[in-house]
Structure formats: structure tokens, C-alpha cells
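All remarks here apply to the structure that follows.
Since every read-out is calculated from the coordinates, none of them should be taken as a lab result. On a predicted model such as this, the values are computed, not experimentally measured, just so you know. Here the Cβ is made from the backbone with ideal geometry for all residues, glycine too, and neighbour counts use every protein chain on show.
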């Protein structure tokens, strides 16, 4: 439809701004002080319901009044979202240029492009994997929620408009889509929790819950009035109307919704399967608070308070500012900054949010630039330029020649393959995450290493041991795939390798007579817990147990198959993981400190289930040689990231070439002829 100056807008409600304040403050406090409000992340779900309610109210009213305009709708969305987002993306590009290493800046470029295109949630979902940086070091991680909202804004108006033109019942459409999305959420949270968290189809039900409320408020006012009359009559008949009237009931519902939200902030945490059923809590609480209107006791006292409204007005720029500041601080510090630094970061983000709202967002949306014809094309042009800049940063590999990127190449995982040749006994797919590498291409393979990238980081040491010897060695690996035959389990996403790469590698080892020794190495803790050492697990205890059982079954099956094929099996237990990024230790500009050791007790606690399985394997498979890497990295108290002044780790869990040499030389005597 064409532009209409009669485009209607929802009546302003101060209490909804107050609700925004609760949502954004919950998120900010959770990110800065996660132990204070463990469920603070549900503030995003509150935002989803508010957005669905407000946007759908606008759409329903304008469709009914014949004033709906796609151009007007999206121009207002652009003026609402683009100004602050452009500023944040530009800020991240500039700060990233100054402090990020090449691989980090390259990833930031991809995230800037994704943020400008509103597909951050899809990019982050695809990115979850073996070589992925931790969540805390992604300055634009928080844009995943904006991606879901914008995808909703793109799809929902078009669906409503088509349904309206076809005279399809809008309530029926909204309810069906909400139900489908909710069921997909319930189904997905048990099988692929990361996809369920990031993908729009499993999140839209939260926005559509707000849409359902919008329809009821707009079109069932008479029904509500009848219900209220009947309640008042009943109260009168029961002779309790002097103690309880309709206003009191409204306030009770308001209080109920508020305490449901408080319950969610306190009791929901990273260990629950979220969203799933748990997401009903913030959705229901928000719906109840909005539904009672501005006269509910919580709405008119707490949420309409001037301070709450002020935070609500700056909630969008505050959400955008707080995470990049905290993330860059963590990158510089190499670990979680001190509490006072985080307090200062939060205060700075509030200040920057107010400045952004006052000087940029308000003038463009409401103030003197509102009617300017040049603003809209200028915003689109700037966002396109920012997105293009991010793409250039990405394809230029993070501009390695920047001063901040000048770091010793000892950190580069790819250096492990210097001196190796490609082999085609087991081919990888086109992703580049897996492959076959061989020292002597024209000789049969005597020793075969199979595993994930934690097998790959042994390559430098193995090259030095075997190069020029009569025995020939090859490495067959696929990042993110543990060296065992796959076992399916409801939550185990790492057990099923693309193209069954590891299964084919194991089959090759078993069927090839020249292969006398098979070395297995991988990252068991990640496969079992699906989170790195420094991150909280996204799995429940039951899901971890299922993964552990699948891991055990697959490992036993693999060891039995290799032993039955008369292969010598060497099983490399994984190296300890660090809590601090070693890149921040000595080379990063502005970095402070170089302490990257961890307590041995922390390593033992992280791997206790895996080590318990190893004890049973030692008894059940006495012919298998188990190499405990921690013996070479740990003493009775500490596990070390440095050894005699040499940095052993490239990332928190991958070795440098020097670390690889150190570890392999420690157990080289286990290979025939190597003493």
C-alpha cells in the first residue's frame, strides 16, 4: 500500500517503558555481575513480548483503518534502530582496529556485516563450534536478539497484510503461528538447544504472545467489559465488594505478573534448558503486566516511576552499549575484569546510552530531524557502508599488518601443518575443517593419528619425531569430531561428524595392513559438556549424563574394533584447559599480566567423569597405552601454560608448535624405535 500520513501509532504508556527498564537492567546486571541475577538474560524475552505487542497493535490498527503503509512502517523502524546501531558498529570497528588480533578482528568484521544485515543470530548459530571464540570475547554477541526482532518485523507485517487482504481471521493466524513456534521450541530444546536459542522459528512465539495480547486488547474490549461486570456482580452478591473490587483484582494481576518476572530472574539460570518451558515465565509475567493496563498497582507505582521510565527511554542504546564495553574489557584483561572495572563499565554504558538517546536517537525519531527527507536515505547509506566495511575486514583477514595484529605467529594453529602434505585416503568436505595430512606422500602409512583439532595440535611434535625416519605417519582429523564411532543421543551434537569422516578414518586404519599403530586424541570435555572450561554449560545434568553414556559407548566400540584388528593403540588424554586467553599474556597491546596457570584441582573437577571412564578402560583394555598429558603440564598444585619461559598454548585449549614439541617429546618413547 502507498504512504499514508494517517498512519496510526500506539498510545504511549509510561509503564511499558518501565517494563523495558526492568528488562534491560536485568540483562546488563547479568552480563556484568552474573552471580547477582542469574536469570537476568530473560530480559531479552521481556523485550520480545513488548515488541510483539507494540508492533502488532500498530499493524492491527492501521490495517483495520486502511492506513497501513509498508514504507511508513519500515521508515519508522529504520529511524528507531539504525542511528544507535550504526554508532555501536562503528565504535566496535574502531576499537577493534586498535586492540584486536587479526583473527579476532576478522571475526568482528563478519559480525559487523551480520549486525548491519540483521542476521547476527544466524551467524552466531553457525559459528558455534571448535575454533569459535568464547562468547565473552565477541563484542557484538548481543545483536542476536536484534536479529530475531528484525526478522519478525520483516515477516510479520507481510503475513498480516496478506491475511487481511484475503480476509483471513488475524486471531486465528496469530494463534496458529504462535502455537507452531512454541511447539518447535519445545521439540528443539531437547535435541539442539543452541539452534533453538538462536533461530527465529523457535523464538517467534514470544513476540507472537505479545501479538495475541494486542489483538485481544484491541478487539475484545467489550468482552473484557462484560467479564468485569460479571466479576463486580459476583463480588456484590458475595458481599465482599467492600474488601475486593475490580481495581483490586487488576492490581493483584499486576503484582502476580511482576512476581512471576522476579521469580524468573532469580530461579532461571544457564543450567536450565532455555528457552523451552522455562521461557513461559518471562512471557507470562510480561503479558500479565501489559494486559492490566497502566492502572495496575505495579504499573502505576514502580513501572511508571520517573527513574524507571528514564531507563526505559534509553533501554535500546543501553542494551547496545553495555556488552561491547564489557567484552572489550575482558579481551584486554584476558579474563573477567575486577568488580570495580565492571561497575565503571556499566556506569559508562548508561552515560553513553543517555548521550546517544539525547543527541542521536531522539532528534531523528521525534525531534528536529524527524521530518527531514534526507535522514532515511542517509541512514540506509551509512548502514550499508558499515556492513561493507565489516565485509572488507573479514575478507582481508583482519588486516594482519595493523600494529595491534603484530603478534608472534606461534599462536597460529595452521603452523602445525608446515612440512605436511595432503593425502587423499580419507577426503574431507569442502568446509576446510577436516582433512588427511601425511609426512611422506609416497610411502605407506605406519602410524595414523585420528581425532579432532586436539589431535591436529600434536602435528608439529609428531613431524619432528617422525620426519626422516623409516616409519611414516599421517593425521586424519575433523575439527569438532571426537575419535570414536558415532553414537546418537538427544543432546550430543558433536558425535555425528559431517560425512562420517572419523568413522571412515577408523575404517581405513582397521582395513589397511601397513597401519600398525593408531593414535587417538581429542577434546572429550567439550564433547561431553558442550561448553569450554571458562564457559557455563548450556546442558542440563541429565543431558550431560546422556552425552557421557554416548561417549563411553562410542569409545568402547572404537577400542574393541582397533584391538580386534591387531592395532597398537595409543590414547592421548587431553591437555588441561586454561581459564585465561594466552594471547593476552605477552603480545596483545594494552594487555596486563601473564599468569595463565590453573589449579590442578580445577582440571580434575572439569574432567572427573572422563578420568573415571579412563580408569575403567585401563582395566578393560590393558593393551591400550594411555598417555596422561596432564602429567607433563601439571604438578601437584598447578597446571602450567608456560614451561621454562616458553608459551605452550595458542588458545585456552590448543597448543602452540612449541607446546606440541614439548608434549610429543615427552612420550616419543612409546613409538617403536623412538627413544
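Results, tabulated for the structure shown:
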| item | result |
| --- | --- |
| Contour excess over end-to-end distance, with Cα ends at residue 341 and residue 11 and 0.36 nm allotted per residue | 114.8 nm |
| Exposure proxy order (Cβ contacts within 10 Å, fewest to most) of 464, 636, 103 | 636, 464, 103 |
| Segment residue 259-residue 665, extension gain: residue separation times 0.36 nm, minus the distance between their alpha carbons | 140.1 nm |
| Set of region 64-107 residues, backbone N closer than 18 Å to the point 7 Å along the Cα-Cβ line of residue 374 | 79, 83 |
| Point-to-point label distance, residue 388-residue 561, nm (Cα→Cβ direction, 7 Å offset) | 5.2 nm |
| Most to least packed among 282-293, 660-671 [average Cβ atoms within 10 Å] | 282-293, 660-671 |
| Efficiency of FRET between residue 365 and residue 271 - r from beta-carbon atoms, R0 41 angstrom, step 0.05 | 0.55 |
| FRET efficiency estimate (nearest 0.05) - Cβ-Cβ, residue 162 to residue 643, R0 51 angstrom | 0.20 |
| Tensor-based shape of region 143-188 (alpha-carbon gyration tensor, a/c under 1.5 rounded, otherwise prolate or oblate) | oblate |
| Full-extension gain in nm, residue 415 to residue 469, via 0.36 nm per residue minus C-alpha separation | 17.3 nm |
| Rounded FRET efficiency, nearest 0.05, which uses the C-beta distance separating residue 183 from residue 614 and R0 of 41 Å | 0.50 |
